[in-house]
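The values are calculated or read from the model by the stated rules, or taken from the named source; none is laboratory data. Everything numeric in this text was worked out from a predicted model, so none of it was measured. Please note: Cβ atoms are built from the backbone with ideal geometry, for glycine as well, and neighbour counts cover all protein chains shown. Just the protein is used for accessible areas: all its heavy atoms, side chains included, with ligands, DNA and RNA removed. Shrake-Rupley method; radii C 1.70, N 1.55, O 1.52, S 1.80 Å.
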Amino acid sequence: AVGQNAAALQHAPEDLRSDQDFVLVAVGQNAAALQHAPEDLRSDRGFVLAAVGQNAAVLQHAPEDLRSDRGFVLSAVGQNAA
């Protein structure tokens, strides 16, 4: 469902929305799903970096503070170039 509609994650049960592995699968199918992940996951640099590893398009949905962090962006781009 998330692959077709990123907002589907928003309607998933809280225990699934808080599960990092579940959210990684969701963003792997639809990068925009990151917008519907809980704030603690969206603001977790390591999680967002892992999500970008699943789907490079996640970077455009990452929080502004991460997107404006040169080191973070270089890490994200570097892992997708490898």
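Structural remarks
- Cβ-Cβ contacts under 6 Å between residues 6 or more apart (or on different chains), taken from a first residue in segment 29-54 that is in contact (Cβ under 8 Å) with a residue 60 or more places away in the chain to a second residue that is open to solvent by less than 10 Å² (accessible area, probe 1.4 Å) and of a type in the set (A, V, I, L, M, F, W, C), are absent.
- Matching entry among Leu9, Leu59, Leu41, Leu34 (being buried (at least 18 other Cβ atoms within 10 Å of the Cβ), modelled with pLDDT of 90 or more and either in contact with a His (Cβ under 6 Å, 6 or more places away or on another chain) or in a loop (DSSP other than H, G, I, E, B) (or both)): Leu34
- Residues (surrounded by 15 or more Cβ atoms within 10 Å (Cβ to Cβ) and within 13 Å of Gln79 (Cα to Cα)) located in segment 44-56: Val48, Leu49, Ala50, Ala51, Val52, Gly53, Gln54, Asn55, Ala56
- A single member of Gly28, Gly53 is over 18 Å from Ala8 (Cα atoms) and not acidic (Asp, Glu), and it is Gly53.
- Looking only at residues in segment 62-82 that are in a helix (DSSP H, G or I) and among the aliphatic types (A, V, I, L, M), the one that is farthest from Ser18 (Cα to Cα) is Ala81.
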